[in-house]
Amino acid sequence: MRRARGRKRVFTKFTITFSVRATFTAKIYKMQAGNPIESVCERGIEAADAARPIRHVNCRIIRNYEFAPTHFIIDLELADFGEPLMPGHFANLKCDDKPYGMLYRPLSVMEWDRSTRILTIYYKVVGVGTEWLTRQGVDTVLKAVLPLGNSFGVPDTAKKAVMVAGGVGVAPLIFLSNRLRIERPELPVLFLMGARTMDDLCLQLFRQYSIDAEFATDDGSYGHRGLVTELLAGEFDTDGQIYLACCGPTPMMAAVKRLVPSDVIAEASLEARMACGIGACMGCVAKIGQRKSVDGSFTYSTVCHDGPIFPLHRVIFD
Ligand SMILES: Cc1cc2nc3c(=O)[nH]c(=O)nc-3n(C[C@H](O)[C@H](O)[C@H](O)COP(=O)(O)OP(=O)(O)OC[C@H]3O[C@@H](n4cnc5c(N)ncnc54)[C@H](O)[C@@H]3O)c2cc1C
Ligand code: FES
């Protein structure tokens, strides 16, 4: 699969504070005329990374429905956007109708049909933005910024792919599984999905996309009773090139990291609270890399621009 990884940039706390990018961002905010976030997006996108076709687009709602309590699927028609979207990419969606509203909300691409230009997103209602989204009907036009982030990089040498998903982390992994089925039909894919209860497992998504998966729930209401990581036991005992991708709550991904041998190529899609979404504000940094021995500080990368996908073994979860 083609890898659309962004330029690697690593920051120390010191350079974050005094980076050229931060100064640039401050200038953008200073000269803004309208909505701060729109101003950053519209004026900052080009400078943030000229190599990526990040754009502010209008999307018309085709369908927006609740398939399980608090779990929604929204189909958006992006008439003016025909570029490829890769598994791992996300969109920043404006989730209110006020000109000086909230920060755009990051939501992963679960499916992108380039011929019909329909983008499918799965979202769970957790707060004001996602609740507002549930009330938007067909033909409402929303604003979005995309494509954001990098994408998964399944090595050509992989003989098996393992997906480990928790909660809303299922969306990018469904996209990846579907792409692998089309582009690498010979590659076996094991999909492991965990949630607190059966209601949060999104079984409808697995049925809709015809994805075979093994399930785990904390309360035992469906599948294995316990953690999804328990389903990984024995997976790495045999020889063979395994590729692993995980996306879900931080404790889940930290547990996966502890279980995966260091020679297995593994990637984690991280979540962070985001503001600009384009690598300009440094509001979403995560600890990536080794703890430095000299002053004890960490190195940082932006989840929105350098990520959200990082080599699992380099992510420092604490
Ligand atoms: C790269 C990326 C991809 C994502 N993809 C999806 C997706 O496909 N589907 C989906 O449902 N959600 C996804 N999320 C999470 C989604 O962005 C948040 O749930 C959403 O922004 C919440 O907005 P809100 O206004 O409804 O909640 P708010 O009112 O802003 O917050 C409600 C509660 O949710 C918590 N919260 C909000 N955002 C986050 C976050 N990013 N990480 C952890 N906790 C958070 C807050 O701390 C608070 O407790 C993704 C996040 C990232 C960073
Ligand atoms: S740098 Fe602004 S949200 Fe990531």
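Taken together, the values in this text are just the output of simple stated rules run on the coordinates, not laboratory data. What you are looking at is a predicted structure, and each value in this text was computed from that prediction instead of being measured. In this analysis, Cβ positions are derived from the backbone assuming ideal geometry, glycine residues included, and neighbour counts consider all displayed protein chains.
About the centre of its Cα atoms, the range 43-148 shows a dipole size close to 180 debye [charges on the beta carbon of Lys, Arg (+1) and Asp, Glu (-1) only; nearest 20 debye]. Could you compute how fast the range 43-148 diffuses translationally, taking Rh as the Kirkwood radius over C-alpha pairs and applying Stokes-Einstein at 37 °C with viscosity 0.692 mPa s? Give it in µm² per second. Using the Kirkwood radius from Cα pairs, D works out to 233 µm²/s. Within the range 122-189, all pairs of alpha-carbon atoms sorted by distance into 10 Å bins from zero give the percentages 14, 37, 28, 17, 3. Highest mean packing first, where packing is the average number of other Cβ atoms within 10 Å per residue, the peptides 240-247, 127-134, 302-309, 196-203 line up as 302-309, 240-247, 196-203, 127-134. Summing Cβ point charges (Lys, Arg +1; Asp, Glu -1) relative to the Cα centre of the range 172-318 gives a dipole of roughly 460 debye.
Taking 20 Å as the limit for the C-alpha separation, the pairs 160/257; 98/124; 94/124 exceed it in the case of 98/124.
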